[in-house]
Amino acid sequence: MDFQIAAILFQDGVLTGAVYTMLALGFVLVFTTTRIIFASYGDLIAFSALTLHALQKGALPGTVYLLMVLAVLATVLEVVSALKQGTARRIPGILVIWLVLPILPATAALMVGGMILPAWISLVLTIALVVPIAPLLYRIIFQPIETASTLTLLIVAVVLHYAIAGLALLFFGPEGIRTAPLFRGTWDLLGFQMQAQLVVVVVTAIILATALAVFFSKTMTGKALRATAYNRDGARLVGISTRASGSVAFALAGIIAAIVGILVSSNITVYYDSGLMIGLKGFVGAVVGGFISYPVAAVGSLVVGLVESYASFFSSEYKEVIVFLSIIPVVLFRWLGARHEPEEEEEETA
Amino acid sequence: MTIADQEPIKMDARASSYMAVTGVAIAVLLALPLFLTSFNILLLNMVGIFAMATLGLVLLTGSGGVTSFAQAAFMGLGAYTSAYVTLRLGLSPWLGLAAALALVFVVTMAIGYVTLHLGGHYLPITTLAWAVAIHMLFGTLDGLGAHSGIGGLPPISIAGVAMDRPERAFYMIWVTLILFLFAASNLLRSRQGRAIAALRGGSLLAEALGISAFRTRMMLFVLAGELACVGGWLFAHTQNFISPSSFDLTNGLNILLMSVLGGVGSVLGALVGAGAVMVGRNLIQDVLPMLALDAGSLEIVVFGAIFIVLVQYSPKGLSPLLSRWLPPRPAPALPDIKHDEVLRFGRAKEHNDDAVILSVDGLEKRFGGLVAVKDLSFDVHRGTIHALIGPNGAGKSTTFDMISGLQSPTSGTVQFNGTVVTHTPARNMIARGMARTFQHVRIRPQMTLLDNVMQGAHWRLTSGFWAGILRLDRAEEAAYRKTALLALKAVGLADQALVEAGTLSLGQQRQLEIARALAADPEILLLDEPAAGLRTGEKAELAALLSRLREAGMTILLVEHDMDFVMGLVDRIVVLDFGQHLAEGLPDEIRQNSKVQEAYLGGLD
Amino acid sequence: MSLLEINDVSVNYGAISAIRNVSFTMEAGRIITVIGPNGAGKTTLLKSIAALLPYSGSVAFQGRSVDRLDVQARVRSGMVLVPESRELFTQMSVQDNLDLGAYARRDGAANIRRDLDQVYDLFPRLRERMGQAAGTLSGGERQMLALGRALMSAPRLLMLDEPSLGLAPIVVREIFRIIARLRELDVSVLLVEQNARAALQTADYGYVLETGEIAGSGPSAELLADPMLINAYLGGKKPTSATA
Amino acid sequence: MRQFTLATATLAAVMLAGPVLAEIKVGVVHSLSGPAASQGIPQRNAIELALPDEIDGEKVTVIVLDDATDPAVAVRNTQKLIDGENVDVILGPTATPSAIAMAQVATEKKVPLFPGAPVSLGDDRDYYLFNVPPPPVKWIIPTVTDMKKRGVKTVGFLGFSDAWGDVTLAALKEHAAEGGYEVVAEERYARADSSVTGQVLRLISANPDAIFLGVSGSAGVLGNVAIVDRGYEGPIYNSNGVFNADFLTLGGDALEGLHGNIGAIAIPESLPDDEPRKSVTLDFIRAYNAKYGENSADAISGFGYDAGLLLTDALKLALQKAEPGTQEFREAIVTSMRALDRVPGTHSIYTFKDPSWPWGVGDDAAFLVEVRDGKWVLSE
């Protein structure tokens, strides 16, 4: 392997790694705030790509119907729980947040259905259609079992993946899609030939990570999310609703997923069921970060991307084996580093 | 009246209804091939095969607290090994099974050795990696069909009869499964099963009882892998065809899903989960076209929705719902004990002197910058009750944990019976003669009092895995059940021996912990706040019990808050305040000590 | 109208009864203490009032039942708990912890800033360490931060669980001095303490909890002078029930 | 154990099979979900299009089951169709692993099977199998001929890391001796991969005279485009997997000059009018597009259609010999299939005369085609 090949593979690895980084951020965000290993996260990305593709073709994406059904379900659940708690005055607010807000983009999509839209409008509409799905799913699926074991939450997330992928198949058909690239070709940057796609993805990843960092350190909502992640009881004691934090975390994860979906849609062939594999790779990155630390997860994801890139050159047949087994030394290393911390014991109660 | 003959009639009734239900169930099951179509038998065969893999996971997750994504991969290892042995080497499937079991044993041991030391979420995550990697390796096996898979696997023959039709395979699979279920049930009731139960929710109790959490988890991990392996072997030789896609991550997740839906809390969950998932999906496949809905894509959506609703309704799975209706497996009858029979303290009785049994010298513990215990020294004499008292946060429990080996001191030494045990791990202390109770009671609420106490005798019993499964441990079990019952009698709980521990009051749970410690035949009892939360009457009973134990030669070191309780009972008191030795002496001296009064009642001036 | 009315509150852990039929009322502007030995159910009582534990019976705050409100809603209505374990956000800065204390408030940034200054005046040590992570503070500073964070929630009722736990005597004195000053800030305090003398010297009225039941009560001065108190802690007869 | 009562009671209630009616029952097992769904669904659609509602007054009922691309499910479905529905013939499945598994069951139960993925059990056990998509080893012949003509000595292979990659690579190697070439590089990628840069760099560094791709569908674009983007100049050949509606649109200019092997369906307009496949293909494309939307007819759906056409012909013959729902009728379908002589379909002209030979085509199964001006045309 000469230097040039190494450099090309490096670029490729960074590109893949940047995508995994964004995913890993979403995983860590959701897990720390809600203890959910969100196995169906990749499906949101697939939904985003498929929705964009449908809009670009001038078709009405099935996302619209999903969104409407979820919004109605969530609203019913919220209203019922408000009535049970005797806080009926919250109902108008509930209707706005859980019904009107999600249905707005759906209505917009219905109105423009069949038209070929300007590129930026389809991008905005895609984001507006995909983002609400995440918090709605949280409200409907996960909130009722928020105290269940991590295993149960994980399995429900896995089953959710099956269900969402099934819906995607119904809405978008079995064939894989790729959208028209937003940027194509290479840019000359300081004498280096950089793929335009790479620059766009890396810049987006940096912007997202910076925006998240600012959000977490400067805004009250961001601090509340971190507080929930660090100490759920502490958060409740200052009046932070862990459920609200969960919704916000899922909404943020939804934003990340929508953006990643748009970015990768021109780069990889997205099938209705691509979510699991895409999600798993992001998951590997999150594992490297121990599911706790954002910066470590980001670096870890980058490494996963690079490992994948070089492995595909040296041994394409064993590429995935190499990528997944690379978890083992990392986990062992992390464990050796952490072994002096006392293990949290969770005793069962009667 | 002896304790044993209190409830015999009721027990017999439960036993016979259990036998009746089990017998009818098995009879109906074995008659099924007579009136089911081949397809339905095939479906049941698959249920049986997946129930085996799920059973492994139920044991591993429900009892050992460990989750694995790799069950389908281990099924695949079993299937592929046997395929290689039969197709490439031309040997019998039985040799294939032997080779598969051996390979899975080696692989699970290796994987387990690398990863079972890991706590928390690390282990499941590594099994995910193994699952993906092993599955992908199957696709690269050129000699065994690579991604396309390979057909023509020979059927298994039993006594010359080939299990080549679903009806015949049905008996092979289900008889095997029934045996596995009974074996698993036996295992969970044996010494090893109690060790597994001790592990649930963390390894602290297990370590204190002398149980190696690592070895127990390893046993479960290997066992789960072998169960999956047998399932995979049966799968290969009844389908006659295998391909990597049958053993991919999706199927690994499916097995997890079966275990969660069935419920990881009981052996029953494996069968219920596998049955509900496979039969349920078949049902959905049948029903959807009737509703004029598109087959295929909607099936999984409908299945997903039903699954999620079920889990939301019953987060612990379906088997707990069933257990309400079905009679439980009856426990063996209580041993007979005579009215005047009492627990013997073998080791405590051996020495009849008042020499120093436990000596703490210059003990110190720091957590980061925080000094929890500082330069603490005291001696405990044989056959006495010694109290360690002090206000909340004085460092009593930390001291206790250092003595019992749960924490390592930063400096200083602990000597027990003349041997330095400062850094001896907790699980070796019980065999050396030190048994303890916990400030926050650590019992197994779903187990009977008797089984909880039997856990204390773990280190004294010898029967292993096979003895448990095959019930070769009956003589030993019977002997120690008697010991356990006597220990319960000693603390006054013998009449509730078969009650679930979770139903006891806090005071009784503390007594139960003492009984468990006594069953270990200790020389010294370490009691961490035994009187906390007890009512006045209960405290008096506890004090009387401890006095009796002292008379029987037992040495007791207790940490306590409640001076009322301590004063009339103990021989000597050490007072701790802010991790330091504040005072030491006889109870009356301590009571008069103004420094102690100040430390306790506090005050602002 | 009483500030807090506890009526017949019981808590069970499985079959174990932790507190039984506890009832008392508390007027606004007072400091009430609940004392008693370890395991008596003091913490359980506070947790159930804060909705951290399910209970039977009823809790009314400012004349309205709060039984159907969850922890967060009770905080918003002005009932704030500082638990024994403090539950600080140890990875976050002192300033962030205090900011989060005001998370549920909707009365404007100006009020919150005023209260922040007030907290920093009350605990000058915290001002010195405002950028430091809460996890790096000493035990006493942590307790101050926990109190400060709770005060940032603008509580009407502050519930303190063992504020003196694990603290050096000089710090305990400091903490209790500040608790006593809370009356001036129009905050009522429900104080659970094992350090009976310090608690009674600070509070107006005390309840003695023993094995989950109220075993006695009385004005602090009377309880403090009652020799039975020493017995309750250091052994002897049970305390008598003084009348209010 | 106590759990059995409930389990068995539920199972027994669930599993009582329905009554059998006298009608022609056609079972279809295809991957309507899972990784092979993009090939399964079009085939299912085309089968439903090809089969008439009734043949000579006998009602034709089609029962479709999804195997989720899982061989174990495919086998179960087969059993369900045979036991529960007493079908006369089965079409499917989609993927090779499922096909191997199903072929075993159908052969053992003596039910004619039209696999959607080519499969042979070998050893003269193929009596009941009628492979309508012929195997790549037949399909690849125009490519081999072309490579020989060009004097290609070394070939690089890039394929999916799945069964399709396996069978196409095997086909390429099968003809190596007679084609006079050597496979000098074998690289794989997965359908869902975002990049094949590493594989392609390695492939090109082996400096092959030609490259053959064992890929399919939209995901096949990635490999083709990457090879072109890296400046590879030699001829690039594709298997018959890439002929779907989106392939050319997605690949754009990069695919210009690309070669492939395919039947009539990809190039009906460039066929002479006397070619018997031309009208069949044009009819199919018209009918399919009318039902499932513009540009939806593709090579994959063509396979389903051909299977349906052949079966319809065979059913007509079989009805004269036996009653549907009987084993005689199943055997009659088999003998009727053997009686069909050079029936034109959308891909090939099929003949299943030889009972030991499950492939219905000879060496003329496919044409060599290439991309010109964004369209597939017949190569000269």
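The values are calculated or read from the model by the stated rules, or taken from the named source; none is laboratory data. In this text, all values refer to a predicted model and were calculated from it rather than measured experimentally. Cβ atoms come from the backbone with ideal geometry, glycine included; neighbour counts cover every protein chain shown.
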Here's a check for you: in segment B:500-547, which residue that is more than 19 Å from B:Asp564 (Cα to Cα), among the charged types (D, E, K, R) and in a loop (DSSP other than H, G, I, E, B) is nearest to the chain's Cα centre (by Cα)? B:Asp521
Residues in segment B:566-576: is at least one at pLDDT below 85 and part of a helix (DSSP H, G or I)? yes
Could you figure out which of (1) crowded, with 24+ Cβ neighbours inside 10 Å; (2) touching a residue at least 12 places away in the same chain (Cβ under 8 Å); (3) within 12 Å of chain D (Cβ to nearest Cβ) isn't true of B:Ile300? (2)
Residues satisfying the stated conditions in segment D:70-110, i.e. among the basic types (Lys, Arg) and more than 28 Å from D:Lys316 (Cα to Cα): D:Arg76
Looking at D:Gly214, D:Gly198, can you tell me which residue is closer than 30 Å to A:Leu50 by Cα and either more than 13 Å from every other protein chain (Cβ to nearest Cβ) or in contact (Cβ under 8 Å) with a residue 12 or more places away in the chain (or both)? D:Gly214
Looking at (1) in a helix (DSSP H, G or I); (2) more than 10 Å from chain D (Cβ to nearest Cβ); (3) under 18 Å from A:Ile145 (Cβ atoms), which is the only condition B:Val264 fails? (1)
For segment C:103-119, give me each residue that is over 23 Å from C:Ala28 (Cα atoms), within 11 Å of chain A (Cβ to nearest Cβ) and in a helix (DSSP H, G or I). C:Ala109
Would you pick out the residues in segment B:304-338 that are in a helix (DSSP H, G or I) and within 11 Å of chain D (Cβ to nearest Cβ)? B:Ser319, B:Leu321, B:Leu322, B:Ser323
Of the residues D:Ile300, D:Ile349, D:Ile285, which single one is of a type outside the set (Phe, Trp, Tyr), closer than 26 Å to D:Asn238 by Cβ and in contact with a Lys or Arg (Cβ under 7 Å, 6 or more places away or on another chain)? D:Ile349
Of all the helices (runs of 4 or more DSSP H) wholly in segment A:50-124, which have at least 3 residues that are touching a residue at least 12 places away in the same chain (Cβ under 8 Å) and in contact with a helix residue (DSSP H, G or I) (Cβ under 8 Å, 6 or more places away or on another chain)? A:63-84, A:101-112
Can you name the residue in segment B:132-168 that is of a type outside the set (A, V, I, L, M), over 25 Å from D:Thr168 (Cβ atoms) and out of contact with any strand residue (DSSP E or B) (no Cβ under 6 Å at 6 or more places or on another chain) and, of all such residues, is farthest from the other protein chains (Cβ to nearest Cβ)? B:Gly160
Please indicate, with yes or no, whether at least one residue in segment B:464-473 is outside the structural domain of B:Leu204 (by the TED database) and under 21 Å from B:Met554 (Cβ atoms). no
Among (1) more than 20 Å from B:Gly151 (Cβ to Cβ); (2) surrounded by fewer than 24 Cβ atoms within 10 Å (Cβ to Cβ), D:Lys110 falls short only on (1)
Of C:Val66, C:Val82, C:Val71, C:Val59, which residue is closer than 14 Å to A:Ile240 by Cβ and among the β-branched types (Val, Ile, Thr)? C:Val71
Looking at segment A:3-15, can you tell me whether even one residue there is modelled with pLDDT under 90 and of a type in the set (Phe, Trp, Tyr)? yes
Of the listed residues (D:Val155, D:Val183, D:Val144), the one being free of Cβ contacts under 8 Å to residues at least 40 places away in the same chain and assigned to a strand (DSSP E or B) is D:Val183
In the set D:Ala177, D:Ala206, the lone residue that is of a type in the set (Gly, Ala, Ser), more than 7 Å from chain A (Cβ to nearest Cβ) and touching a strand residue (DSSP E or B) at 6+ places or on another chain (Cβ under 7 Å) is D:Ala206
Condition (residue is more than 14 Å from every other protein chain (Cβ to nearest Cβ), crowded, with 23+ Cβ neighbours inside 10 Å and at pLDDT 90 or above) applied to segment A:107-118: is it met by at least one residue? yes
Could you list, in sequence order, the residues of segment B:396-419 that are within 31 Å of the chain's Cα centre (by Cα) and surrounded by fewer than 15 Cβ atoms within 10 Å (Cβ to Cβ)? B:Ser408
